[in-house]
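One structure is given here, and the rest of the page talks about it.
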Amino acid sequence: MKRIYLDHAATTPVDPTVVETMLPFFTENFGNPSSVYTEGRTVKKSLEVARLQIAKAINADPREIYFTGSGSEADNWAIKGIAMKNQAKGKHIITTTIEHHAVLHTCEYLEKQGFEVTYLPVDEFGLISLDDLKNAIRKDTILVTIMFANNEIGTIEPIKEIGEIVKEKGIIFHTDAVQALGNVPVDVKDLNVDLLSISGHKIYGPKGIGALFIRKGVPIDNLIHGGAQERKKRAGTENTAEIMAFGKAAELASENLEKNAAHMKELRDLLIKGVMENIPQVRLNGHPEKRLPGNANFCFDYIEGESILLSLDIIGIAGSSGSACTSGSLDPSHVLLAIGLPAGVAHGSLRLTIGNHTTVEDINYVVENLIQIIDRLRKMSPINAECPIDDAVFEKASHHH
Amino acid sequence: MEYTDVVMENFTCPKHVGEIEGANGIGQVGSPACGDIMKIFLKINDDGVIEDASFKTFGCGAAVASSSMATDMIIGKTIEEAGKFKNSDVVDALGGLPAEKIHCSVLAAEAIQAAIEDYQKKKA
Ligand SMILES: Cc1ncc(COP(=O)(O)O)c(C=O)c1O
Ligand code: FES
């Protein structure tokens, strides 16, 4: 059966050109970039090509790009590294309630270490308020970390405006741009960011490679200690093949940004229109305009997300959900709760994220089948308009944690 | 997480979905773990035998499969026999459930007990 992959926010297939770029670095060009002889030196040179490709993709200087083992590591490094280095100045950090766990759990860890963290709320669309941000800034605030674009609901935060406010106060600003790269323009000069995290596998590169942009002069401690790699800032023999792949993927992503974004947006709007017009009792999560070009996130009343995902999977469609039942921890998505959805509504969430290779036919197939799936599951559900959900059940559920 | 073929069968083609007319025992329970809801309908005859059973479920694949399997298993049983019905009976019949999905089968067992209690209360 043909598979229709609509979970590009989770990961993307590696582009064949990217694979081609990467392969020689496992075999012919296997050298250690730290070695002084030819095998080492040639690879070292190649790494600088990749670094330049990444730098160009975000309008940075190549000397501001540091490769990491993942987007999560870049987030950890940015936050812990700034906190450790600057704690004499203050121990207050500002973030949001809708960050990726790589940021949220890092902040929670720092709270245990004596730091104070303000989690800015978001409105029903997932946007933070600039006034809230201004009010949250204190004398001892050392870091503001706010994601560029949300991985679940696709909302794009006003990063440039945030950057201006934070810069004016002389505070360091980090943004997790893992979901933004390849989808919207990312320009560190224009945005006033000091640190920015990106990841390879969301832009048709391999998994397990990321990078942190660190603006020249930003005081930060190391996270990974050891050898002198990455100009003594990130130890560990370089993941040469994947760095080369990431560089190529970033180059392709920025070269084709406009074309890809327009394609995704067209299909996303087709999907949203198809679902909203053909399925009753549905809501679109996230912002109507300020959203990633490939992101569609819905809540269907009266049904549960995992059963939607299973039904889609059977007919060849891959998607994801923020339902408690799919989370492993049995907690509903923190993002859906943060935009004010009751747990019972968050239960029926479905995220479909479009990619560069998604087609109109794919979207039509999804909409047609989704109509039937939702109808079937609703007929099976004990709750409906006359028999609404007993919120007591969910109260009980949240107390359980 | 991996579901067995029996779970998937019972999810894609569940048996006994919907409400039965003339049900004289109805039980609804919510899961304190994830917030899901299951409703069981029983038609019990004068000899105390469950003639028919059906369900409505707002929940995950395991919850739907558990409801389907559980209702199928208790049809034909006396309420005494059904009173001894445990969630492990459903799990075994489904060929196992992932650890984090065991509570979904508990929901089925509890909904059946609630439906039997409802019947007994109405009768008394
Ligand atoms: C917003 C965001 N931040 C961070 C990450 C983590 O990236 P990685 O999977 O490379 O660790 C992801 C992806 O899972 C993400 O969507
Ligand atoms: S019913 Fe929610 S996890 Fe199964």
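The values are calculated or read from the model by the stated rules, or taken from the named source; none is laboratory data. These numbers come from a predicted model, not from an experiment. Methodologically, a virtual Cβ is constructed for each residue, glycine included, from the backbone with ideal geometry; neighbour enumeration extends over all protein chains shown. Please note that ligands, DNA and RNA were not included when accessible areas were found on the heavy atoms of the full protein model with its side chains. Shrake-Rupley method; radii C 1.70, N 1.55, O 1.52, S 1.80 Å.
A few comments on the model shown:
- Check on A:G217, of a type in the set (G, A, S), open to solvent by 30 Å² or more (accessible area, probe 1.4 Å) and within 16 Å of ligand 1 (Cβ to nearest atom): no
- Test: residue in segment A:53-76 that is on the phi > 0 side of the Ramachandran plot, touching a helix residue (DSSP H, G or I) at 6+ places or on another chain (Cβ under 7 Å) and either in a loop (DSSP other than H, G, I, E, B) or open to solvent by less than 50 Å² (accessible area, probe 1.4 Å) (or both): yes
- Any hit, segment A:341-359, residues being part of a helix (DSSP H, G or I) and away from every other protein chain (no Cβ under 14 Å): no
- Close pairs from segment A:6-19: first closer than 14 Å to A:K207 by Cβ, partner within 16 Å of ligand 2 (Cβ to nearest atom) and in a loop (DSSP other than H, G, I, E, B), Cβ under 8 Å, at least 6 apart: none
- Here A:G319, A:G340, A:G355 are screened, and the one residue that is open to solvent by 30 Å² or more (accessible area, probe 1.4 Å), farther than 21 Å from B:K56 by Cβ and at pLDDT 95 or above is A:G340.
Yes or no, residue by residue, for (1) in contact with a Cys (Cβ under 7 Å, 6 or more places away or on another chain); (2) within 22 Å of A:R215 (Cβ to Cβ); (3) within 16 Å of ligand 1 (Cβ to nearest atom):
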site	(1), (2), (3)
A:K80	no, yes, yes
A:A83	no, yes, no
A:T95	yes, yes, yes
A:E99	no, yes, yes
A:T118	no, no, no
A:E124	no, no, no
A:D132	no, no, no
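- Lone qualifier among B:I102, B:I74, B:I116 - being without any contact (Cβ under 8 Å) to a residue 40 or more places away in the chain and away from ligand 2 (no atom under 12 Å from the Cβ): B:I74
A quick yes/no check of all residues on (1) open to solvent by less than 50 Å² (accessible area, probe 1.4 Å); (2) of a type in the set (S, T, Y):
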{"residue": "A:Y109", "(1), (2)": "no, yes"}
{"residue": "A:D123", "(1), (2)": "no, no"}
{"residue": "A:L127", "(1), (2)": "yes, no"}
{"residue": "A:I156", "(1), (2)": "yes, no"}
{"residue": "A:E164", "(1), (2)": "no, no"}
{"residue": "A:S199", "(1), (2)": "yes, yes"}
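- Counted as qualifying within segment B:1-85 are the strands (runs of 3 or more DSSP E) with 2 or more residues that are more than 10 Å from chain A (Cβ to nearest Cβ) and open to solvent by 30 Å² or more (accessible area, probe 1.4 Å), namely B:50-58.
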